[in-house]
1. Can you find a residue in the range 32-44 that is in contact with a Leu (Cβ under 9 Å, 6 or more places away or on another chain) and within 28 Å of Gln310 (Cα to Cα)?
2. Regarding the range 185-198, can at least one residue be identified that is within 24 Å of the chain's Cα centre (by Cα), assigned to a helix (DSSP H, G or I), buried (at least 22 other Cβ atoms within 10 Å of the Cβ) and basic (Lys, Arg)?
3. Considering the range 45-94 alone, what residues qualify as being assigned to a loop (DSSP other than H, G, I, E, B) and closer than 18 Å to Trp144 by Cβ?
4. Assess whether Asn474 counts as being over 19 Å from Gln540 (Cβ atoms), part of a helix (DSSP H, G or I) and modelled with pLDDT under 95.
5. Touching a Leu at 6+ places or on another chain (Cβ under 8 Å) and in a helix (DSSP H, G or I): is that true of Ala322 in this structure?
6. Among the residues of the range 248-260, are any surrounded by fewer than 17 Cβ atoms within 10 Å (Cβ to Cβ) and touching a residue at least 24 places away in the same chain (Cβ under 8 Å)?
7. For Asn426, all conditions in the list (1) over 30 Å from Ile503 (Cα atoms); (2) surrounded by 19 or more Cβ atoms within 10 Å (Cβ to Cβ); (3) polar (S, T, N, Q) hold save one; what is the number of the exception?
8. Within the range 424-445, is even one residue of a type in the set (Gly, Ala, Ser) and in a helix (DSSP H, G or I)?
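The values are calculated or read from the model by the stated rules, or taken from the named source; none is laboratory data. All values derive from a computational prediction rather than experimental measurement. All Cβ positions, glycine included, derive from the backbone under ideal geometry; neighbour counts span all protein chains shown.
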Amino acid sequence: MNAPAPIQAAAAGDKAAGVNWAEKRYLIVDDFVGVRQLLREALRSLGARHIDQASSGGEAMSMLTRLQYDVVLCDFNLGEGKSGQHVLEEARMRGLLMPSCVWLMVSAEKSVEAVMGAAEHQPDAYLIKPITEGVLLTRLNRAWQRKQVFQEIDHAYLEKDYLRAARLCEEAAARSKLHEIDLLRMRAALLLKAGEAEQARLVYEKVLQERDFNWARTGVGKIRMANGDNEAARQMFQGVIAENRFYLDAYDQLARSLENMGRTQEACDVLERAAKLSPNSVPRQRALGMAALKLGNIALAEKAFRKCLQVGEYSIMKTVDAYFGLARVLGQKSDPKEALLLLAAAQRDFSGNMVDLRCKITEGLVYHESGDYRRARKSGDELEAMLKQERQRPDTPTCLEMATLLFAVGVKEAPAELLCYVVRNNDENTVIHEEVQRIFDKARMAEEGTSLITSARRDASELMNKGVLLWKTNKLDEAVAWMRDARLSLPDNMRILFNSAQILISHLQARGYDEALVNETNEVLMHVDRIAPGQQRFAQLIEQLQKLIPGRMTAQEIEAELTDAMKDDHDKE
């Protein structure tokens, strides 16, 4: 039987593009067997032979964990459990998709809520049912061709070598006018991740000279905000929203700029508007709840946290913060009973000593805010005992919250030590120093707090300087060992982390390749990227480390190989 004209045309285009669809591996995700069969037949008309199927989000995640797919066709609404949005979100965050993988979101959903929710996680296309074979094959071919341009760049990105990836974007843009704008957009984003804000600004402004793209204007706004010019950033974000009320990233950035200026009410209003447009974003609902709680808008905070729990039930973005936030709301509503049930649920759904610690903090705050000071004091005593047993200190926000509670229930020594630990871990962060001072002031320890802050900063500086001195006097083994201990003592101190990575790299440069030290350096830098992404020195050190790995090609070597390959192709013609 002859294929219909649209399919013949698509097949001809695929053949011309040299795509071997038969050898690709496909995954179809849909809860209706009939739809899966229709999509399977459409792919078979391309010659596809390796086609897997999943009937639920959970089954899809299991298959994505085991196998690498070239193409995924995923329905948005998968019934009970994970939705297609959840599957895409988790697959991206867990790095389960190959850089060249094409993801087509397929759905009968036409609502703004559904389309925008899916779009925030950037599928390669969003197809509305019913789908003709011609449309499917045309969109698949278009997405596939585009993804091949980014394949090498994506590999560098997955290795977090953002500077190399940015250079590859620049080189590819010079060769491909068809994809130039997309490549420049990716280059700017990579430069921002690498901490090269000024270079990123130049890329955005180059694009804006050609056309007024909202993403480029938003990018410039982010850079201005990072440089402390929050008012100029605010104006840019508001201008983007005025032109495109569905550009959600501009709402999130606008809220941040307003929060930076202390305009929490306006930030909350912006987040509320964005949440109405796309209510299924777990991070946005969490941010809205936190802003509303800070303002004392208990009704809005409760609504946001409950929505956050609802949409996060099957999401990898599910956050324990929503449990704690809602518990705090209930404490202020004098409903400690439901608050304690929520804390029990948090311990059930999230494991780890830090969760137990945060539950105990929130429990004490709930009792204190609901006026039960006797139980609040009991929680404080239990928290103090837990703190003595913990070998690892919590992160900075948790330490600040814990110190606030302990001071409130009459404990003095433990919270003061916690705040000193926070300062040592953030010895150059004046914003945190001011927050710590406010907590000391509230506890009527203003003068003592100032002295403790000064002493803690000095301790951190002396700890780091000893390691740097060993390094500069060429005592590399001792320097590596010293900084290793310093990281154990202050695991989130950025200066110690960066200098530790630099000393490890210097050791590798001087003494030769050592796999254990390479892995240790990588672990240090990945920790930096988790707690403070977008650091310029991070990108520079990653690039230095990559050059020390045997077999790693430099950008110049890659460019030379590409030039030779293009010359060979020309000679063959």
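1. Within the range 32-44, not a single residue is in contact with a Leu (Cβ under 9 Å, 6 or more places away or on another chain) and within 28 Å of Gln310 (Cα to Cα).
2. Among the residues of the range 185-198, at least one is within 24 Å of the chain's Cα centre (by Cα), assigned to a helix (DSSP H, G or I), buried (at least 22 other Cβ atoms within 10 Å of the Cβ) and basic (Lys, Arg), which makes the answer yes.
3. Result: Ser45, Leu46, Gly47, Ala48, Arg49, Gln68, Tyr69, Asp70.
4. No; evaluated as a whole, the condition is false for this residue.
5. yes
6. Yes, the range 248-260 contains at least one residue that is surrounded by fewer than 17 Cβ atoms within 10 Å (Cβ to Cβ) and touching a residue at least 24 places away in the same chain (Cβ under 8 Å).
7. Of everything listed in (1) over 30 Å from Ile503 (Cα atoms); (2) surrounded by 19 or more Cβ atoms within 10 Å (Cβ to Cβ); (3) polar (S, T, N, Q), Asn426 misses just condition (1).
8. Among the residues of the range 424-445, not one is of a type in the set (Gly, Ala, Ser) and in a helix (DSSP H, G or I), which makes the answer no.
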